[in-house]
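Read through the structure below, which is laid out as structure tokens, and then see the notes.
Readers should treat all values here as calculations from the given coordinates under stated rules, not as data from a laboratory. Everything numeric here is computed off the predicted structure, so don't read it as measured data. Heads up, the Cβs are rebuilt from the backbone with ideal geometry, glycines too, and the neighbour counts pull from every protein chain shown.
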Amino acid sequence: MNKQITNEQIPTWDEIEKRVVESFDLDDTGVNYGVSCWRENVKKARAVEGAGEIAHGFTSQKVLDAALDFFKSDITENMAIFEVKRAQNERLMKMMNLRTTLGEAEGVFVNEENGERIVPELLAVIRVTQSARTKMLQQVVQASMTLASSNGDKDAEQPCWPAGLGDGVQDFANDLTEFLSANGDAGREMVTRVCQDTDFAKEIRNNEDMPRCIKFLAHLVVETNTNNQLPDKERRIGFGFSSR
């Protein structure tokens, strides 16, 4: 039964928050993180003034119950995000332990400035040459263009991100995916033009208003095209790759 309620029966926000939070254990750090994020989102949403008039206020108990369920799921999602961040931190700590143990037990101390990296999957330390790094950065730019042209279509060609450059590549890929999702066609056009137009990339890399992922992509294009040019001769390539 869809019971309609009067204005006097509609709970205050404090009452709603109490009902939402009472089912969670606030002594748990992850839960506390989830609730805090939800409260912050609520604060932002309810603080907006002049964004629009309320077209319809909830008037049935069934709809209010559904809203409470939504709030709880919001908290649960934030708790999951907390667990992902915790797992990422633990992974970093395990890698640092591997690095330390490698030095103590085998006398091998990884020098990243020389292009050395620990690759646990190979049970080895590898040294990435300058040419190999350039080739992998070329794949980063190509993957960026592929991602932009896929338009979020799972059936389209998917980008191939190189694994030999470390976790930073995946961070960049995630940021670029979010950028494209948020900006649609304009975002796809931006990525494609940055990859194909070196002069435009030069403008973008120094634009403080641009998202970090776009500035990074522009940096790759500019630096690599500059490094690949013959002395005293201008030359533009379709896309560029950093050799640093």
Of the residues Gly187, Gly30, Gly57, which exhibits the maximal mean-square fluctuation in a Gaussian network model of the chain defined by a 10 Å Cα contact cut-off? Gly57
Can you tell which of Pro162, Pro11, Pro120 shows the greatest fluctuation in a Gaussian network model of the chain with Cα springs below 10 Å? Pro11
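Sort Trp38, Trp13 so the one with the fewest other Cβ atoms within 10 Å of its own Cβ comes first. Before the final figure, lay out each step's value.
Values: Trp38 23, Trp13 9.
Ranked by crowding around the Cβ, least crowded first: Trp13, Trp38.
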With Cα springs under 10 Å, the Gaussian network model of the chain assigns the largest mean-square fluctuation among Arg46, Arg99, Arg91 to Arg46
Taking each pair of different alpha-carbon atoms in the stretch 1-120 once, compute 1/r for the pair, average those values, and report the inverse of that mean as the Kirkwood hydrodynamic radius in Å to one decimal. 18.6 Å
Run the quick spin-label model on Arg46 and Ala80: label points 7 Å from Cα toward the beta carbon, then report their separation in nm to one decimal. 2.6 nm
Compute the helix-to-body angle for 61-106: its Cα long axis versus the longest principal axis of the chain, expressed 0 to 90° and rounded to tens. 30 degrees
Straight-distance crosslink candidates among lysines, where the alpha carbon sits under 26 Å from Lys62 and sequence neighbours closer than 8 are dropped: Lys3, Lys18, Lys43, Lys44, Lys72
Specify the angular offset, from 0 to 90 degrees and rounded to the nearest 10, of the alpha carbon long axis of helix 167-196 from the longest principal axis of the alpha carbons in the chain. 90 degrees
Principal axis lengths of the stretch 128-227 from Cα atoms, whole Å, largest first? 36, 31, 20
Is it possible to state the helix-based mean residue ellipticity at 222 nm for the chain, with each DSSP H run of 4+ residues giving -39500 (n - 2.57), the sum divided by total residues, to the nearest 500 deg cm²/dmol? What is it? -21000 deg cm²/dmol
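Rule-of-thumb check for the chain: C-alpha Rg over 2.2 N^0.38 Å?
Values: Rg = 25.1 Å, N = 244, 2.2 N^0.38 = 17.8 Å.
Expressed relative to 2.2 N^0.38 Å, the Cα Rg reads 1.41.
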Calculate how steeply helix 130-150 sits against the longest principal axis of the alpha-carbon atoms of the chain, using the helix alpha-carbon long axis, and give the answer as 0 to 90 degrees to the nearest 10. 40 degrees
